[in-house]
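Notes follow the structure.
The values are calculated or read from the model by the stated rules, or taken from the named source; none is laboratory data. Please read these numbers as outputs of a predicted model, since none were measured by experiment. A quick note on method: Cβ atoms are made from the backbone with ideal geometry, for glycine too, and the neighbour counts reach across all protein chains shown.
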Amino acid sequence: MQPYLLKETRAYEAWREQKLNNYPQNEKQLIIKLNNPIKLVDKEINALKSTCTKSNMVIYRCVTDVDPKQSALLIAQQLGLQQLDANICADEDRISAIEDSGDIHSHYIPYTNKALNWHTDGYYNGEQQRIHAFLMHCVRPAKNGGENTYLDPEIAYILLRDENPDYIAALMDKNVMTVPANETDENNVRDAQSGPVFYIDLIGNLCMRYTARQRSIVWKQEKSVQNALACLQEILHNNPYMFSYRLNTKEGVICNNVLHKRTAFIDNAHQKRLLYRGRFYNRVTSNETLKNAVNQ
C-alpha cells in the first residue's frame, strides 16, 4: 500500500501514526556526535541514518575536523550519498562554498548575507536532476545571524492533508509550479521547469520541491492551488514541528531535502561565514524505514 496516495486512507493513517509517534521535540534530539568524520563507526552511521529516517534530517557535531571539505564529502559517502549535483556555482568537485562572495555569484541570494525564504534545494532542476538530499558543513559561522529553520516535508504533507486532502491533490499536479528559464548567464541557460510540489520518487519516497519566493515563479491560478498555497504558507509561519539551529564550526546538517530558510547575517571583519554544501540526487536511506514498518 502507498500511504501518500489519497485513495489509500488506511495506509495513510497507519503511516501518519508511525511518523508522529515519538517525533523529535527539539533540535537537541537531532544532534549526533562524530568522533572521526573520516571514518565513522557503525554506531555513528546507524544513529545518523535512524535520526534521518525519523525526521528526514540530522545534525552532526565533529570532535575532529582537519579538512572540512573532505569531512563533508566522506560523511556523505559513508551514508550512501554519492550522486553529487553539479551546479554553476559549485567547485570542480561539485561542492559549493556558501559565503557572501561579492563576486559573479552574488546575484544568487545564498551567496550573499541576505535572508533566504522557505524553499527546498534545486526546486528549479529538471526531473532527471532533482535534488533528494543535501549536506551543509560549517567551517565558520557568522558573527551574528545565519540561523536556519527546517521543516520535514512529510510533516508538511500531513498538516496539509489533515486540513484538506484536496490541497494535496492540487499540489501533486504535475504542472502546478513552473520556474521560468534562467538566462542570466549566457553559458548556462536553464530551460523553464514545470513540476509538482509533492511527488513520489521511483523508490516510493515522498519528495517535495517548493519555493516561497514571489519572483521568477509561476503557479497555476486555479482556486484549489491558491487555497493550498495559502494553507502551506500558514503552516510555514507557525507549527510545532519546526527546528531552528545555527551551525557552529565542525557541525553540519544532512537531510532528505527538507524545507528550510535562513536569517540574514553579519560577518566578522576578517573571517567570513563559510559553509560547504553538497547536493545529491539520491537520499539517506535506512535498513528499516517508516514506510516498510507500515507495510509489514
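What to note about this one:
- Among strands (runs of 3 or more DSSP E) entirely within the stretch 194-296, having at least 3 residues that are in contact with a His (Cβ under 9 Å, 6 or more places away or on another chain) singles out 251-255, 259-262, 274-280.
- Some residue of the stretch 128-135 being modelled with pLDDT of 95 or more, on the phi > 0 side of the Ramachandran plot, part of a loop (DSSP other than H, G, I, E, B) and under 19 Å from the mean Cα position of the chain (by Cα): no
- Unmet requirement for Ser71, which otherwise passes all of (1) surrounded by fewer than 21 Cβ atoms within 10 Å (Cβ to Cβ); (2) hydroxyl-bearing (Ser, Thr, Tyr); (3) farther than 30 Å from Asn238 by Cβ: (1)
Conditions (1) in contact (Cβ under 8 Å) with a residue 12 or more places away in the chain; (2) surrounded by fewer than 17 Cβ atoms within 10 Å (Cβ to Cβ); (3) over 18 Å from the mean Cα position of the chain (by Cα), marked per residue:
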residue	(1), (2), (3)
Pro141	yes, no, yes
Asn144	yes, yes, yes
Tyr150	yes, no, no
Glu154	yes, no, no
Arg161	yes, no, yes
Pro165	yes, yes, yes
Cys207	yes, no, no
Gln214	no, yes, yes
Gln226	no, yes, yes
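- The number of residues in the stretch 113-148 being within 17 Å of Tyr276 (Cα to Cα) and of a type in the set (D, E, K, R) comes to 3.
- Evaluation of Asp173 against (1) crowded, with 18+ Cβ neighbours inside 10 Å; (2) more than 20 Å from Pro153 (Cβ to Cβ); (3) of a type in the set (D, E, K, R) (one fails), failing number: (2)
- Some residue of the stretch 56-65 being of a type in the set (Phe, Trp, Tyr), touching a residue at least 24 places away in the same chain (Cβ under 8 Å), surrounded by 12 or more Cβ atoms within 10 Å (Cβ to Cβ) and under 26 Å from Leu160 (Cβ atoms): no
- Looking across Ser286, Ser216, Ser244, one residue alone is at pLDDT 95 or above, among the polar types (S, T, N, Q) and out of contact with any Phe, Trp or Tyr (no Cβ under 6 Å at 6 or more places or on another chain). It is Ser244.
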